[in-house]
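A.B. asks: I'd like to ask some things about the structure below.
The values are calculated or read from the model by the stated rules, or taken from the named source; none is laboratory data. Keep in mind that what you see is a predicted model, and the values were worked out from it rather than measured. Cβ coordinates were reconstructed from backbone atoms using ideal geometry, including for glycine residues, and neighbour counts include every protein chain displayed.
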2 protein chains.
Amino acid sequence: MTTMVSGTTLAEIAALIGDVARANILSALMDGRALTASELAWHGGVSASTTSGHLAKLADANLVAMARQGRHRYYRLASPEVAQAIEALMAVASFGPKRHRPVGPKDEALRRARTCYDHLAGRLGIALADTLTERRYIVLSDSAGAVTDEGRRFLCDFGIELEHGNGHGRALCRTCLDWSERRPHLAGRLGAALCSRMFELGWVERIKDSRALAITSQGRQGLAQTFGVTEPSQASGD
Amino acid sequence: MTTMVSGTTLAEIAALIGDVARANILSALMDGRALTASELAWHGGVSASTTSGHLAKLADANLVAMARQGRHRYYRLASPEVAQAIEALMAVASFGPKRHRPVGPKDEALRRARTCYDHLAGRLGIALADTLTERRYIVLSDSAGAVTDEGRRFLCDFGIELEHGNGHGRALCRTCLDWSERRPHLAGRLGAALCSRMFELGWVERIKDSRALAITSQGRQGLAQTFGVTEPSQASGD
DNA sequence: GGAACATTTCGGCCGCGAACGAAGCATGAT
DNA sequence: ATCATGCTTCGTTCGCGGCCGAAATGTTCC
């Protein structure tokens, strides 16, 4: 065995994610919010006591972080890196369509629009990335990106202020491989800002018990006017 | 339980990586080369028969691909996406220094210079990314990047021809979070080209049974002259 | 203080899957 | 043909880890 440093800990982390209950828990946390232990128990599909054990392990490995608040304990993903790792795994998972899984209505909703950690994904996320690229508001040299000056102005009008944070802190404009569309969508501070702004404007709303998003009628209108994005087709053949 | 599509398959993939033997196997394949089953058995630290089973599972899930050649069977990672997922996991793994693992000499070598799938990582990879950024050959707007025109010329002089492949195919310039340095290094076609060119010039050589790289004396010289990169310090306090 | 709720700890059960060696197929060498 | 090598299949063993329910701890509300 060559390098033990990677081997062991890599396996430890992956094994942690590699349990169905824990994977479901982490998936639920992928929308960036903090959830209570009991909510996570529901998502994980296991009892409260079992969930408690799982959460302890996840916290121990620094995959999730915990904040006590009254008699609740709120758990969230510990860092954007964790979210990125999980997203990367999901991308790989959606690849191998060996045995294809029946696509339920929930899945179609997820494919249309969802949150990915703290930014938008699915056909909506892709459409936004495409429009912004087309109008030269951002430049995605291949799968990586930068915001142009016109872009900065446009975004400012839209109500998003981006400081010129350079090397430090969080990336301004990253891309993230969309597992359902297999193309990159916008992540980083820009992706997060776009997402939260759309919530603020009431353009999108969370669908209960899911990471999927519903686009409101105002959203439909706003997206068309401001971004020239027509509603991502109701049902795509895929 | 909310969305089953992600949950289950996410867990499946992660569980696959979450076994120590398989993780070691995948780690060994992270240098981008294809290895035979018996070599992988050695890396995995388990018997040939056990390895065979592991490889079958990995191939079944499309994590690795196999090519028969004579009486050998060569296995390699199935796609860059798989490499990316593993790298992301390693990044997360190197985070939680709860119980810190003793850093052996092998680790120091890995930290100095190594391959990450098909590009350079470790202090060498970081130094290259820094230099190219400093000289404005590439622009890493935060953690994402594009090649400038001067950069294209410089690279051409160095013997690297980058076609203007746009959306399709592989990303020209991606970044990849370095698990040892915790900063992004260069991946994508550019990263791969830099790496293979340096092999071609004999600037770096593989260290036996490891993903670590040795920098040759020509390499030391060339890196200093062409990139202004002085040898990544022999031993850093870390 | 007592009741209701949230979460963790404990003990015990049970199954999955990793491991090995021996035997079975290939392919290549003599 | 015969033997060697590389890899897979089979049958078996065995231990780790997930699961639950009951009870313990903790927190808020009235």
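A.B. asks: Within region A:31-40, is even one residue among the hydroxyl-bearing types (Ser, Thr, Tyr), in contact (Cβ under 8 Å) with a residue 12 or more places away in the chain and assigned by TED's automatic domain parsing to the domain that holds A:Arg211?
C.D. replies: Scanning region A:31-40, I find no residue that is among the hydroxyl-bearing types (Ser, Thr, Tyr), in contact (Cβ under 8 Å) with a residue 12 or more places away in the chain and assigned by TED's automatic domain parsing to the domain that holds A:Arg211, so the answer is no.
A.B. asks: Right, something else. Considering only residues that are more than 9 Å from chain A (Cβ to nearest Cβ), modelled with pLDDT under 80 and surrounded by 23 or more Cβ atoms within 10 Å (Cβ to Cβ), which ones fall in region B:136-177?
C.D. replies: B:Cys176
A.B. asks: Could I ask something else about it? Taking the criterion of being of a type in the set (A, V, I, L, M), touching a strand residue (DSSP E or B) at 6+ places or on another chain (Cβ under 7 Å), modelled with pLDDT under 95 and away from DNA strand D (no atom under 15 Å from the Cβ), would at least one residue in region A:2-18 satisfy it?
C.D. replies: No, region A:2-18 has no match at all.
A.B. asks: Can you give me the number of residues within region A:35-64 that are within 12 Å of DNA strand C (Cβ to nearest atom), touching a helix residue (DSSP H, G or I) at 6+ places or on another chain (Cβ under 8 Å) and not in a helix (DSSP H, G or I)?
C.D. replies: 4
A.B. asks: Checking A:Arg68 against (1) surrounded by 14 or more Cβ atoms within 10 Å (Cβ to Cβ); (2) more than 7 Å from DNA strand C (Cβ to nearest atom), which single condition isn't satisfied?
C.D. replies: (1)
A.B. asks: Any residue in region A:13-27 that's within 17 Å of B:Ala93 (Cβ to Cβ): show its pairings with residues that are more than 13 Å from DNA strand C (Cβ to nearest atom) and not in a helix (DSSP H, G or I) at Cβ separation under 6 Å, as long as the two are six or more apart or on different chains.
C.D. replies: The qualifying pairs are A:Leu16/A:Ala61.
A.B. asks: Is it true that some residue in region B:39-51 is of a type in the set (A, V, I, L, M), within 11 Å of DNA strand D (Cβ to nearest atom), more than 19 Å from the chain's Cα centre (by Cα) and surrounded by fewer than 19 Cβ atoms within 10 Å (Cβ to Cβ)?
C.D. replies: yes
A.B. asks: Would you check if B:Ala28 is more than 12 Å from DNA strand D (Cβ to nearest atom) and either hydrophobic (A, V, I, L, M, F, W, C) or facing chain A (nearest Cβ under 8 Å) (or both)?
C.D. replies: In short, yes.
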